[in-house]
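A.B. asks: Structure incoming, see below.
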Amino acid sequence: MKVFSQITLAAMMLMFISACGGNKSGKNNDNGDCIYTLGGCGSAYSDGYSYSNLNSPYSYNGISVNTVLGENQCQTGPQRMQYSAQVTLPYIVQRGDLYVGVTSFGDVAVVAGNGSQTANFVAYLCQRGGTPVQAPATVNLGVATRCQFKTLYAANLQFSSGEVALFRFLDGGSSRGAPFSICR
């Protein structure tokens, strides 16, 4: 009887988890990728936040950001969550301009210009013990690089756990210490 009640309890928990696993507070973009909000889409890890295998819709000069995502592997596994925010810059970022930066932890960030001083900051974040609490206050961009994307030199993204994602330029290599294939 004890085994039956344990199996019943486990089955009920599984039904509850799968019923709650829908897209309750997250939303999907046009590509079906999860746009991060607490408890949203994707497959939940034990920290309660949503992560999934994401593809980036961004490319520059025919090269996809997915190349960087594939080469800058997360230290905690293959899944990421997407965090999007607007950042205000002291200069205009032209529509179509794309700046890419990475962390040694495996995160990848993109700043996409829209022809104004407000640009889209999109971070593909590896699993960690917290959620982003606000957009980076300072984002430094540049064009001098050996890589085929423009450079996101520096941006710091603060997490609720106290951790900070320190984004840097691609020239420094991937999270595994290897040079990126898109860099000379």
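The values are calculated or read from the model by the stated rules, or taken from the named source; none is laboratory data. Because the structure is a prediction, the values reported are computed rather than measured. All Cβ positions, glycine included, derive from the backbone under ideal geometry; neighbour counts span all protein chains shown. Surface areas here come from the heavy atoms of the whole protein model, side chains and all, with no ligands, DNA or RNA. Shrake-Rupley method; radii C 1.70, N 1.55, O 1.52, S 1.80 Å.
A.B. asks: Between a residue in segment 148-167 that is in contact (Cβ under 8 Å) with a residue 40 or more places away in the chain and under 22 Å from Ile63 (Cβ atoms) and any residue that is surrounded by fewer than 17 Cβ atoms within 10 Å (Cβ to Cβ) and among the aliphatic types (A, V, I, L, M), which pairs come within a Cβ distance under 6 Å, given they are 6 or more apart or on different chains?
C.D. replies: Sorted first by the residue in segment 148-167, then by its partner, the pairs are Lys150/Val143.
A.B. asks: Which ones in segment 141-170 are crowded, with 20+ Cβ neighbours inside 10 Å and β-branched (Val, Ile, Thr)?
C.D. replies: Thr151 - this is the single residue of segment 141-170 that is crowded, with 20+ Cβ neighbours inside 10 Å and β-branched (Val, Ile, Thr).
A.B. asks: Is it the case that some residue within segment 82-103 is closer than 13 Å to Ala165 by Cα and in contact with a helix residue (DSSP H, G or I) (Cβ under 8 Å, 6 or more places away or on another chain)?
C.D. replies: The answer is yes; a qualifying residue exists.
A.B. asks: Would you check if Asn120 is over 21 Å from Gly172 (Cβ atoms) and surrounded by fewer than 17 Cβ atoms within 10 Å (Cβ to Cβ)?
C.D. replies: The answer is yes for Asn120.
A.B. asks: If I filter segment 76-86 for residues that are touching a Lys or Arg at 6+ places or on another chain (Cβ under 9 Å) and either hydrophobic (A, V, I, L, M, F, W, C) or not in a strand (DSSP E or B) (or both), do I get at least one hit?
C.D. replies: The answer is yes; a qualifying residue exists.
A.B. asks: Look at Val102 and say whether it is open to solvent by less than 10 Å² (accessible area, probe 1.4 Å), of a type in the set (Val, Ile, Thr) and under 26 Å from Asn53 (Cβ atoms).
C.D. replies: Judged against the criteria, Val102 is a match.
A.B. asks: Still on this structure, please answer the following. Hey, can you tell me all the residues within segment 128-140 that are open to solvent by less than 30 Å² (accessible area, probe 1.4 Å), within 25 Å of Phe180 (Cα to Cα) and either without any contact (Cβ under 8 Å) to a residue 24 or more places away in the chain or not basic (Lys, Arg) (or both)?
C.D. replies: Passing the criteria: Pro136, Val139.
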